[in-house]
1. Which members of the range 213-234 meet the condition of being aliphatic (A, V, I, L, M), closer than 15 Å to R264 by Cβ and crowded, with 19+ Cβ neighbours inside 10 Å?
2. Please identify the pairs in which a residue from the range 52-73 that is farther than 20 Å from Q144 by Cα has its Cβ atom under 8 Å from the Cβ atom of a residue that is aromatic (F, W, Y), counting only partners at least 6 apart or on another chain.
3. Which is surrounded by fewer than 24 Cβ atoms within 10 Å (Cβ to Cβ), in a loop (DSSP other than H, G, I, E, B) and small (G, A, S), of G244, G258?
4. Can you confirm whether the range 254-276 contains a residue that is hydrophobic (A, V, I, L, M, F, W, C) and more than 25 Å from K151 (Cβ to Cβ)?
5. Please work out which residue is modelled with the lowest pLDDT, limiting yourself to the range 287-311 and to residues that are polar (S, T, N, Q) and outside any helix (DSSP H, G or I).
6. Which residue out of L115, L178 is more than 30 Å from N15 (Cβ to Cβ) and in contact (Cβ under 8 Å) with a residue 24 or more places away in the chain?
7. Taking the range 164-198 as the region of interest, how many residues are polar (S, T, N, Q), under 26 Å from P269 (Cβ atoms) and either in a strand (DSSP E or B) or touching a Gly at 6+ places or on another chain (Cβ under 9 Å) (or both)?
Amino acid sequence: MLPFKLVYHERYDLNLGSHVFPSQKFRLIAEKLVKDGFATQENIARPEPASDTDILRVHTPDWVSKLKTGTLTLSDVMKLEVPYSPELVNAFWLAAGGTILAAEHALRDGFGCNLGGGFHHAYPGHGEGFCAIHDVAVAIRKMQAVGAIRKAMVVDTDVHHGNGTAAIFAKDDSVFTLSIHQENNYPAYKPPSTLDLNMKDHVGDAEYLGALLPAVHEAIERFRPEMLFYIGGADPYGEDQLGGLALTMKGLKDRDLGVFKEARKRRIPVVTALAGGYARRVEDTVQIHVNSILAARETAEKFPQVREAGN
């Protein structure tokens with residue numbers, strides 16, 4: 001059984017219908033973890049939507065109002081690339097609440113895993129690339145506002161650059177942003193993260209891990225974050241429809257294990273959120289995300305200690 005909480009809500013589904021983004025994956029991941037005996041309903045924490053106060057620490061009043069009243073412009077919808085609906089908005093508020101809840105559990109248990117979120121393309125004043133609200137940024141600002149942490153690190157392993165993350169924290173020395181991504185892929189404009197690892201097309205496991213893991217080690221040693229937010233992308237997988245890297249399922253799990261180990265052995269709480277995954281078989285995307293949860297479990301078992309209160 002998992003030694004930490006999973007965070008999930010059945011209304012995480014973005015209500016997209018037939019769309020390249022398989023938002024039903026959130027439900028399928030939760031179901032598979034229970035079916036395979038890794039979790040029970042007692043392991044799953046149910047989030048409340050983030051408050052508007054929490055959202056407004058990151059997003060502009062104008063963008064929040066547009067989302068809540070359904071007054072997006074045609075340009076807004078084109079950038080967002082998903083059809084607007086009230087269910088969509090509710091799902092984004094729930095995802096942000098879920099990542100906040102996962103962070104609260106990580107402070108206690110060392111890991112907190114949101115089975116949604118990772119919407120790293122959202123900017124303060126607009127959405128992009130299927131992302132309307134930046135749940136990870138909202139959770140970081142919440143944890144800082146309540147005094148739980150001062151410094152946070154974001155490690156983003158989506159195949160697409162974390163442009164919203166980079167833009168939000170561009171002038172903030174309290175947040176270290178690391179993005180490893182395919183260089184020749186969306187988005188066209190990539191504002192600089194604290195550290196960007198630009199991967200060439202068709203990079204495989206060895207080259208990818210050889211770039212990422214030493215960089216994470218060095219960044220943690222230098223920056224010393226009090227919480228690490230891990231955006232776990234399934235789309236570096238070689239069979240992904242929107243990616244151009246060539247990682248295997250084993251390579252992706254080794255990626256997760258390597259990052260988690262670097263944080264856990266230093267007693268840094270880890271918050272995980274999901275990110276892109278567009279494999280030809282949705283079952284592959286689901287398995288990759290499930291493997292991230294299993295990597296967290298294996299890391300927690302190998303390094304059972306958690307950060308002491310006040311440290």
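The values are calculated or read from the model by the stated rules, or taken from the named source; none is laboratory data. Keep in mind that what you see is a predicted model, and the values were worked out from it rather than measured. For neighbour counting, all protein chains shown are included, and Cβ atoms are generated from backbone atoms with ideal geometry for every residue, glycine included.
1. Across the range 213-234, the qualifying residues are V216, I220, M227, L228.
2. L67/F92; G70/Y84; L72/Y84
3. G244
4. No, that holds for no residue.
5. That would be N311.
6. Only one candidate qualifies: L178.
7. Qualifying residue count for the region: 3.
Yes/no per residue for (1) of a type outside the set (A, V, I, L, M); (2) buried (at least 24 other Cβ atoms within 10 Å of the Cβ); (3) under 21 Å from M199 (Cα atoms):
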residue: H134; (1), (2), (3): yes, yes, no
residue: I140; (1), (2), (3): no, yes, no
residue: Q144; (1), (2), (3): yes, no, no
residue: V159; (1), (2), (3): no, yes, yes
residue: G164; (1), (2), (3): yes, yes, yes
residue: A167; (1), (2), (3): no, no, yes
residue: K171; (1), (2), (3): yes, no, no
residue: S174; (1), (2), (3): yes, no, no
